[in-house]
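Inspection log for the structure reproduced underneath, given as structure tokens.
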Amino acid sequence: MADSVALFIDLENVVTSLWNIHHQTPDLYSWMEKARSYGPIAFGRAYGNFNLHGLANLESDLRNLGIDKFDCPVKQNGQSTVDGNIIIDLYEVALDYPAVRTFILMAGDSDYVRVVAKLRQRLDKQIVIMGVPGSVSRDLVRAAGREDQLDVASVPAVDEARLIRLIDEYERSRRPGTLPVFRFMKEYVSHPRNEDLIKPQFVENKLSQFVASGILVQRLVDLDDGRQVKTTQLDRTHPAVMQALE
């Protein structure tokens with residue numbers, strides 16, 4: 001029988017790195033399959049400031065996977081509290097779960113070098129670093145002794161004309177008075193029924209490309225309460241849009 005595993009996810013680090021380096025959004029289900037290959041998950045926790053939009057959208061997936069959410073609001077000086085909370089939990093789990101030998105750390109920061117080295121050298125824990133390719137500290141990997149990088153999917157070609165028609169369908173289906181913001185468009189396109197066109201983890205990247213190329217146009221709209229909202233809509237005068245919708 002495989003040893004039990006403790007899983008610690010620096011969600012801010014891996015989500016940000018995945019987007020900045022590979023322009024992809026996370027697939028938590030595939031990450032969990034990779035972690036489970038080392039054994040059953042006896043402890044699993046994801047850390048981050050869940051007031052951030054990119055993390056708040058992952059809460060339902062975390063619940064479905066049985067991973068605890070640990071909210072880490074920033075300090076008044078803007079400093080993140082994620083690293084400190086993970087370091088404390090690494091020590092506490094090592095003490096409270098002595099039978100758990102394998103610790104998986106989904107992160108890439110060198111801030112974890114010292115605690116990882118102590119867990120490995122003093123407590124004889126097997127530490128596996130699972131980070132985003134291109135973002136993982138080599139010192140962290142050396143301290144752990146083992147690395148198993150998170151898989152980054154190759155971006156498949158997308159039928160852009162069909163995607164434009166899907167966005168047009170979204171725009172026409174909106175309820176009166178609902179502003180067409182990027183988030184709602186992304187959620188509509190990311191629905192499982194559209195996976196034959198585009199996988200959810202590639203939607204944000206592709207829509208951002210459409211913004212950059214002018215297929216989608218963004219505007220600031222003034223609301224009655226004084227706030228401004230950025231809307232995102234098809235530019236129906238763009239040649240690619242006109243051709244797709246003719």
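Where a number appears in this text, it was derived from the coordinates with a stated rule and is not lab data. It should be emphasised that the depicted structure is a prediction, and the values quoted were computed from it without experimental measurement. Here Cβ is always computed from backbone atoms with ideal geometry, including for glycine, and neighbour counts include all displayed protein chains.
Amide hydrogen proximity for VAL128: with H placed 1.01 Å from N in the peptide plane, the residues at 5 or more positions away or on another chain lying under 5 Å are PHE103, ILE104, LEU105.
Give the lysines whose C-alpha is closer than 30 Å to that of LYS34, dropping any in the same chain fewer than 8 places away, or say none. Result set, ordered by chain and number: LYS69, LYS118, LYS125, LYS186, LYS199, LYS206.
Going from the fewest other Cβ atoms within 10 Å to the most, the residues TRP19, TRP31 appear in the order TRP19, TRP31.
Charging the Cβ of each Asp and Glu at -1 and of each Lys and Arg at +1, and nothing else, the dipole of segment 1-79 about its Cα centre rounds to 80 debye.
Using the beta-carbon distance between VAL217 and THR178 and R0 = 22 Å, what value does 1/(1 + (r/R0)^6) give for FRET efficiency, to the nearest 0.05? Kindly include the intermediate steps, with their values, before the conclusion.
Working: r = 18 Å, r/R0 = 0.81.
Calculated value: 0.80.
For segment 150-163, putting each phi into the Karplus relation 6.51 cos²θ - 1.76 cosθ + 1.60 with θ = phi - 60° gives couplings of 5, 6, 10, 6, 6, 7, x, 5, 10, 6, 5, 5, 5, 5 Hz, in residue order, rounded to whole numbers and with x for Gly and Pro. In a fully extended conformation the segment linking ALA42 and ASP159 would gain 37.9 nm over its present Cα-Cα distance, using 0.36 nm per residue.
Do you know the relative contact order of segment 160-245, to the nearest whole percent, from alpha carbon pairs under 8 angstrom that are 6+ apart?
Working: 85 pairs, mean separation 29.0, N = 86.
Relative contact order of segment 160-245: 34 percent.
What number, rounded to the nearest 500 deg cm²/dmol, is the helix-based mean residue ellipticity at 222 nm of the chain, given -39500 (n - 2.57) per DSSP H run of at least four residues and division by all its residues? Present the calculation step by step, with values, prior to reporting the outcome.
On the way: 11 runs with 106 residues, N = 246.
Roughly -12500 deg cm²/dmol at 222 nm, from the helical runs in the chain.
Model label sites at ASN51 and ARG63, defined 7 Å from Cα along the beta-carbon direction, differ in position by 2.2 nm. Between HIS23 and ASP168, the distance separating the two model label sites (each 7 Å from Cα on the Cα→Cβ line) works out to 2.4 nm. Each 10 Å bin from zero holds the following percent of Cα-Cα pairs in segment 5-144: 12, 45, 37, 7. Coupling constants for segment 80-89 follow from the phi torsions by the Karplus curve (6.51 cos²θ - 1.76 cosθ + 1.60, θ = phi - 60°), and in residue order they are 6, 10, 5, 4, x, 5, 5, 4, 4, 5 Hz; glycine and proline get x. Ordered by the count of other Cβ atoms within 10 Å of each Cβ, fewest first, ILE129, ILE87 give ILE87, ILE129. Projecting the Cα atoms of LEU11, VAL115, PHE50 onto the charge dipole of the chain, computed from C-beta unit charges around the Cα centre, puts VAL115 farthest toward the positive end.
Springs between alpha-carbon atoms under 10 Å, Gaussian network over the chain: tell me which of ASP235, ASP71, ASP159 tops the mean-square fluctuations. Sorting by GNM fluctuation, first place goes to ASP159. Give a quick list of trypsin sites (Lys or Arg not before Pro) in segment 119-225 that DSSP marks as loop, anything other than H, G, I, E or B, with at most 12 other Cβ atoms within 10 Å. Qualifying residues, ordered by number: ARG122. Each of [x] 1, 6, 13, 18, 20, 19, 13, 7, 3, 1, 0, 0; [y] 1, 6, 12, 15, 16, 13, 11, 9, 7, 5, 4, 1, 0, 0; [z] 1, 6, 13, 16, 17, 14, 9, 5, 3, 3, 3, 3, 3, 2, 2, 1, 0, 0 is a candidate for P(r) over Cα pairs in 5 Å bins from 0, in percent; the one calculated from this structure is [y].
Which percent, to the nearest 5, of DSSP beta bridges fully inside the chain are antiparallel? Write out the running numbers ahead of the final one.
Details: 7 of 27 bridges.
For the chain, the DSSP antiparallel bridge percentage is about 25.
Just want the ordering: SER154, SER30, from fewest to most Cβ atoms lying within 10 Å of their own Cβ. Please list the in-between numbers first.
On the way: SER154 5, SER30 13.
With the sparsest Cβ surroundings first, the list reads SER154, SER30.
Taking 8 Å as the Cα distance limit and 6 or more residues as the minimum spacing, I'd like the relative contact order of the chain as a percentage.
17 percent
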